[in-house]
């Protein structure tokens, strides 16, 4: 009898969450851990890394390319599992493989200049991969920037008055 009560206590919040937010739109995202990574626990480092990988794989505005990535660690191999709101595209898989291959090739004994170059290369690849999303954000920003500038121009006091 006790296990049924425990099970009911588990499902009540889930049902309430489902009723209050059937589309999952009100979820509060986990805060990015911008803290010094040296002091983060390994589990939090992995979670942060996977969240950031998933973020750069979301290349189309609108939700179809929203991606989740999980990590399966075995003694001889590490497997990255991907899921997406629609099917995981070969474009996304290829992009992720390229990023992971670059990261795998990093050497902690590399010079700082070499690390900076690799970081810039990865950033450039992420921007190129997500260019549709970047352009969409650019267009949104232009629209609102024009409105802000028009408002500012209209509120300026003419000189000499």
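With the Cα gyration tensor of the range 104-161 giving a ≥ b ≥ c as the square roots of its eigenvalues, does the rule (a/c under 1.5 for rounded; else a/b larger than b/c for prolate; else oblate) give rounded, prolate or oblate?
On the way: a/c = 8.35, a/b = 2.47, b/c = 3.38.
Judged from the Cα gyration tensor, the range 104-161 comes out oblate (a/c at least 1.5, b/c at or above a/b).
Remark: the residue 143-residue 43 segment gains 31.9 nm on full extension, using 0.36 nm per residue and subtracting the alpha carbon distance.
The order of the peptides 134-142, 63-71, 147-155 by mean Cβ neighbours within 10 Å, most packed first, is 63-71, 134-142, 147-155.
Please label the shape of the range 47-149 as rounded, prolate or oblate, based on the square roots a ≥ b ≥ c of the eigenvalues of the alpha-carbon gyration tensor (a/c under 1.5 means rounded; beyond that, a/b larger than b/c means prolate, else oblate).
oblate
Using C-alpha pairs under 8 Å with a sequence gap of at least 6, the mean separation divided by the residue count of the range 33-155 gives a relative contact order of 21 percent.
Throughout, read-outs are computed from the coordinates displayed, never taken from laboratory work. The structure presented is a predicted model; accordingly, all values stated were derived computationally and were not measured. Here the Cβ is made from the backbone with ideal geometry for all residues, glycine too, and neighbour counts use every protein chain on show.
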